[in-house]
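The values are calculated or read from the model by the stated rules, or taken from the named source; none is laboratory data. All values derive from a computational prediction rather than experimental measurement. Every residue, glycine among them, receives a Cβ derived from its backbone with ideal geometry; neighbour counts consider all protein chains shown. Side chains included, ligands, DNA and RNA excluded: accessible areas come from the protein's heavy atoms. Shrake-Rupley method; radii C 1.70, N 1.55, O 1.52, S 1.80 Å.
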Amino acid sequence: MQVVKYMFQPHGDERGQLVALEEFKDIPFTIRRVYYMYDTEKGVVRGRHAHKSLEQILICIHGACKIRLDNGTEKKVVPLEKPYEGLYIPGSLWREMYDFSPDAVLLVLASQLYNEEDYIRDYDKFLETLKSPGIQ
Ligand code: T46
């Protein structure tokens with residue numbers, strides 16, 4: 001499984017750092033939604049689903065967390081701990097977010113508006129969709 005991580009360009013000066021993200025320049029899709037999670041309790045695992053077509057970039061803009069990606073045959077763990085790195089996740093990967101530090105803020109840029117119909121929340125169904133991607 002190829003993990004796609006973006007390293008964004010911080011614009012630093014004596015005042016500190018600033019990262020700017022523009023669609024199709026820094027982000028490979030139209031940004032139609034932004035959401036973020038914080039105050040995640042110790043031991044919590046979020047996610048546990050795949051998507052039919054949603055593309056996203058996850059950025060841990062404060063603190064740290066880990067993302068487990070699963071393509072049905074292989075699993076990879078990606079630590080996110082820098083505010084200038086972004087993890088690209090296509091819909092077709094099962095994802096789990098865990099090991100959040102108490103101060104973690106995980107920001108997500110998404111290619112589509114929120115749509116529960118796009119979620120695959122059952123792992124067996126996820127494996128089925130990989131066998132026959134056209135049928136959802
Ligand atoms: C994903 C991972 C990385 C909304 O009302 N609008 C939204 O845009 C989102 C994302 C969520 N919600 C509501 C739906 C639930 O009542 O917020 C609640 C928590 O959502 P969920 O349990 O889906 O959150 P996570 O952290 O398990 O997953 C989220 C995204 O839903 C998902 O697309 O890929 O982050």
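Quick notes on this one:
- Within the same chain, aspartates and glutamates fewer than 8 places from LYS76 are excluded, and of the rest, those with a Cα less than 12 Å from its Cα are GLU96.
- Under the convention that each Lys and Arg Cβ holds +1 and each Asp and Glu Cβ holds -1, the size of the dipole of the range 1-106 around its Cα centre is about 420 debye.
- Loop GluC sites (Glu not before Pro), the range 1-50 (other Cβ atoms within 10 Å of the site Cβ: 10 or fewer; DSSP): GLU14, GLU22, GLU41
- With a threshold of 26 Å on the Cα-Cα distance, the over-threshold entries among LYS5/LYS25; LYS42/LYS125; LYS42/LYS131; LYS82/LYS125; LYS25/LYS125 are LYS42/LYS125; LYS42/LYS131; LYS82/LYS125; LYS25/LYS125.
- Karplus 3J(HN,Hα) series, Hz, for the range 59-64 with 6.51 cos²θ - 1.76 cosθ + 1.60 (x for Gly, Pro): 10, 8, 6, 8, x, 8
- Approximating the spin labels as points 7 Å out from Cα along Cα→Cβ, the THR73-to-LYS131 distance works out to 1.5 nm.
- Computed E for VAL4/ARG48 - FRET, C-beta separation, R0 22 angstrom, nearest 0.05: 0.55
- Sulfur and carbon atoms: percent of accessible area, the chain [1.4 Å]: 50
- FRET efficiency estimate (nearest 0.05) - Cβ-Cβ, GLN17 to TYR119, R0 35 angstrom: 0.55
- For the chain, the spread of Cα positions along each principal axis, largest first, Å: 53, 35, 26
- Note on SER101 and ILE61: their simple-model spin labels are 1.7 nm apart, each label 7 Å out from Cα toward Cβ.
- For the chain, the solvent-accessible area works out to 60 Å² per residue, with a probe of 1.4 Å and every protein chain left in place.
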